[in-house]
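Step one of this worksheet: look at the structure below.
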Amino acid sequence: MINPHDMALDAELWRWVPVGVSLHCTRLPPHGDKVDLSMVEGLSDPAELAAAARSIAQLRPDAYAYACTSGSFVGGVAAEERISRTIAVAGGAPAVTTSGALVKALSELGVQKISVATPYIAQVTARLVDFLAETGVQVVRSAGLGRDRGIETIPARETAELVRAVDDPDSEAIFLSCTNLPTIDVVDELRAELGKPVISANQVTLWAALRAAGASAELTGVPV
């Protein structure tokens with residue numbers, strides 16, 4: 001796992017890892033403490049991503065995952081694909097990103113219209129909507145909490161309220177963006193309540209990474 005410098009939810013990632021799979025994390029260099037366009041654009045620097053992959057390549061991983069939603073969608077589809085290639089070449093194994101994993105997950109679910117709930121400021125949320133539009137996914141409704149720091153401290157109840165607020169009859173699924181947003185304790189409850197897939201950034205990242213590594217991974221709303 002290649003994580004942004006401010007990632008605080010390694011423990012949440014581990015809770016979705018099946019028995020027999022080992023997870024190893026490294027960090028990108030700091031790009032400030034404010035989650036704005038400047039930070040997330042910095043988190044997609046090719047040289048830093050390649051260096052991060054090489055830093056754990058000696059472990060001979062079966063796959064790499066860039067566990068950052070905003071850093072992988074901010075530059076659009078071409079940039080997301082470039083990030084995956086950069087990491088795969090530097091690390092010598094298949095690589096996925098959180099945003100690329102989301103696209104694969106929505107395709108697997110047969111979903112083309114979604115609602116998006118984010119912790120971000122409006123400008124960052126807008127980039128996610130643009131990224132999904134490039135892939136042919138329509139965002140029916142989106143909303144963010146306007147947070148530019150401390151995302152890992154957002155209470156589960158606040159996240160759940162946001163999900164309920166962005167739900168729409170035309171949305172086939174709801175995506176909770178940001179790998180630094182705590183979600184593991186609310187997604188099952190919300191899925192049952194709303195009657196549609198509610199998937200989070202950490203879920204789809206682990207699901208896609210397991211598939212890339214050749215490990216068992218199912219996607220029935222809970223992608224691992």
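Checking ALA143 against (1) on the phi > 0 side of the Ramachandran plot; (2) surrounded by fewer than 22 Cβ atoms within 10 Å (Cβ to Cβ); (3) not polar (S, T, N, Q), only one condition comes out false. Which one?
So ALA143 meets the others, but not (1).
What residue, of VAL77, VAL89, is modelled with pLDDT of 95 or more, in contact with an Asp or Glu (Cβ under 6 Å, 6 or more places away or on another chain), assigned to a helix (DSSP H, G or I) and open to solvent by 10 Å² or more (accessible area, probe 1.4 Å)?
That would be VAL77, the only listed residue that is modelled with pLDDT of 95 or more, in contact with an Asp or Glu (Cβ under 6 Å, 6 or more places away or on another chain), assigned to a helix (DSSP H, G or I) and open to solvent by 10 Å² or more (accessible area, probe 1.4 Å).
Just a yes or no: is a residue in segment 165-177 open to solvent by less than 20 Å² (accessible area, probe 1.4 Å) and over 13 Å from SER115 (Cβ atoms)?
No.
Can you tell me which residue among VAL137, VAL116 is open to solvent by less than 50 Å² (accessible area, probe 1.4 Å) and more than 30 Å from ASP33 (Cβ to Cβ)?
Among VAL137, VAL116, only VAL137 is open to solvent by less than 50 Å² (accessible area, probe 1.4 Å) and more than 30 Å from ASP33 (Cβ to Cβ).
Which residues, counting only those in segment 1-57, are assigned to a helix (DSSP H, G or I), among the acidic types (Asp, Glu), at pLDDT 95 or above and under 17 Å from the mean Cα position of the chain (by Cα)?
GLU41 - this is the single residue of segment 1-57 that is assigned to a helix (DSSP H, G or I), among the acidic types (Asp, Glu), at pLDDT 95 or above and under 17 Å from the mean Cα position of the chain (by Cα).
Quick one: VAL124 ticks every box in (1) farther than 14 Å from VAL103 by Cα; (2) open to solvent by 10 Å² or more (accessible area, probe 1.4 Å); (3) within 17 Å of the chain's Cα centre (by Cα) except a single one, so which number is it?
(2)
(1) closer than 28 Å to GLN123 by Cβ; (2) of a type in the set (Ser, Thr, Tyr); (3) touching a Ser or Thr at 6+ places or on another chain (Cβ under 6 Å): which one isn't true of SER55, the others all being true?
In the conditions (1) closer than 28 Å to GLN123 by Cβ; (2) of a type in the set (Ser, Thr, Tyr); (3) touching a Ser or Thr at 6+ places or on another chain (Cβ under 6 Å), SER55 misses (1) alone.
Go through (1) in contact with a Leu (Cβ under 9 Å, 6 or more places away or on another chain); (2) touching a residue at least 24 places away in the same chain (Cβ under 8 Å) one by one and return the number of the condition GLU158 breaks.
(2)
The values are calculated or read from the model by the stated rules, or taken from the named source; none is laboratory data. Note that the coordinates shown come from a computational prediction; the quantities given were computed from them, not determined experimentally. Every residue, glycine as well, gets a Cβ built from its backbone with ideal geometry; the counts of neighbours run over all protein chains shown. The protein model used for the area step is the full one, side chains on, heavy atoms only, and it has no ligands, DNA or RNA in it. Shrake-Rupley method; radii C 1.70, N 1.55, O 1.52, S 1.80 Å.
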